1. Of all residues in the stretch 69-112, which are of a type in the set (Asp, Glu) and closer than 30 Å to Leu54 by Cα?
2. Over 24 Å from Val22 (Cα atoms), open to solvent by 20 Å² or more (accessible area, probe 1.4 Å), out of contact with any Asp or Glu (no Cβ under 9 Å at 6 or more places or on another chain) and modelled with pLDDT under 95: does that describe Ala224?
3. Before we move on, is Thr71 out of contact with any Leu (no Cβ under 9 Å at 6 or more places or on another chain) and either within 29 Å of Gln178 (Cα to Cα) or polar (S, T, N, Q) (or both)?
4. Checking Leu126 against (1) modelled with pLDDT under 95; (2) touching a helix residue (DSSP H, G or I) at 6+ places or on another chain (Cβ under 7 Å); (3) closer than 20 Å to Asp92 by Cβ, which single condition isn't satisfied?
5. Quick one: how many residues across the stretch 130-178 are aromatic (Phe, Trp, Tyr), within 13 Å of the chain's Cα centre (by Cα) and open to solvent by 40 Å² or more (accessible area, probe 1.4 Å)?
6. Residues that are farther than 28 Å from Val57 by Cα and touching a strand residue (DSSP E or B) at 6+ places or on another chain (Cβ under 7 Å): find the strands (runs of 3 or more DSSP E) completely inside the stretch 76-184 holding 1 or more of those.
7. For the subset of the stretch 48-88 comprising residues that are free of Cβ contacts under 8 Å to residues at least 24 places away in the same chain and within 17 Å of the chain's Cα centre (by Cα), which member is nearest to Asp136 (Cα to Cα)?
8. Give me the residue from the stretch 183-205 that is free of Cβ contacts under 8 Å to residues at least 60 places away in the same chain and among the small types (Gly, Ala, Ser) and, out of that set, farthest from Met36 (Cα to Cα).
Amino acid sequence: MKKLVGLACGLALLGSAEAKVVSYDFTITVDHIVEMDNNVNPVYVQSSTRPGALVSVGEKMHGTFSFDTDTPKSVFYQPPAQAQGSWVLYSDPANYKNPIDAAFLNSGLHTTVPAGVKVNSTVQVLDNASVLNNGDGFWLSNSASYKGEIFTNLILLGDSTGAAFNSAAIPGQLNLSQFNYGSYGFSRMSADNKWVEVDCDFTTLTLSPTAPVPEPSTYLMFGAGLMLLAWRRKSRG
């Protein structure tokens, strides 16, 4: 009986220390494409021929993104204090926790950052913030530099009524119906300063089930439970 109690304690500790990661599937439609060379004269185009962005206006896209609700507040930078409401930036430079990946259905292009590249990932939450005219916002961004190129992925959700959130904490759940607008954008700057930005409107946003991800401390706690079982067996022997 004592063995079962000890094992139950270990399993309980295992379950209580899961990382709070939520993931979403989304579909979008390309709304507009902008190209620019050497940071001057941006031009709207119907189709892009830039490497890594061979897409067209109206093209459909499917993607996923995840964020960890335990991502800490950034200690390096916080947005300006608001005359009304709150604007908080969350970031964990030591751990890449909030991936974004999307694939265009026609071209097959994936916009995820190449594997193994260090990514700067931030989550920003705005609650009745003055900068949004007292609206709410959820912004998730990833950026990285790789072989002279700069990649950026950005999720934007906004509610002009300020009713979506009641605090600037990272939300445990997002529902597209809470927001007046939702968009996904990615940009790519080549090593020779040829820049392209693709902006898309959300058509669906769905919470996807994910397996819990144990925190490192979970393994320590589970190990402690196993040690307790071993000690009890030894004491009975």
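The values are calculated or read from the model by the stated rules, or taken from the named source; none is laboratory data. What you are looking at is a predicted structure, and each value in this text was computed from that prediction instead of being measured. Here the Cβ is made from the backbone with ideal geometry for all residues, glycine too, and neighbour counts use every protein chain on show. In case anyone asks, the SASA skips ligands and DNA or RNA and just uses the protein heavy atoms, side chains included. Shrake-Rupley method; radii C 1.70, N 1.55, O 1.52, S 1.80 Å.
1. Pass one, the stretch 69-112, residues of a type in the set (Asp, Glu): 70, 92, 101.
Asp101 - this is the single residue of the stretch 69-112 that is of a type in the set (Asp, Glu) and closer than 30 Å to Leu54 by Cα.
2. On the way: over 24 Å from Val22 (Cα atoms): yes; open to solvent by 20 Å² or more (accessible area, probe 1.4 Å): yes; out of contact with any Asp or Glu (no Cβ under 9 Å at 6 or more places or on another chain): yes; modelled with pLDDT under 95: yes.
Criteria met by Ala224.
3. On the way: out of contact with any Leu (no Cβ under 9 Å at 6 or more places or on another chain): yes; either within 29 Å of Gln178 (Cα to Cα) or polar (S, T, N, Q) (or both): yes.
For Thr71, the condition - out of contact with any Leu (no Cβ under 9 Å at 6 or more places or on another chain) and either within 29 Å of Gln178 (Cα to Cα) or polar (S, T, N, Q) (or both) - is met.
4. (1)
5. Within the stretch 130-178, the first condition is being aromatic (Phe, Trp, Tyr), and the residues that meet it are 138-139, 146, 151, 165.
When the remaining residues are screened for being within 13 Å of the chain's Cα centre (by Cα), the result is 138-139.
Checking which are open to solvent by 40 Å² or more (accessible area, probe 1.4 Å) leaves us with 139.
The total comes to 1.
6. Working: elements: 86-91, 100-104, 120-129, 135-146, 149-159.
Hits in the stretch 76-184: 86-91, 120-129, 135-146.
7. Lys73
8. Filtering the stretch 183-205 down to residues free of Cβ contacts under 8 Å to residues at least 60 places away in the same chain leaves 185, 187, 189, 191-192.
Then drop every residue that is not among the small types (Gly, Ala, Ser), which leaves 185, 187, 191.
Working: Gly185: 16, Ser187: 11, Ala191: 13 Å.
Among them, the one singled out is Gly185.
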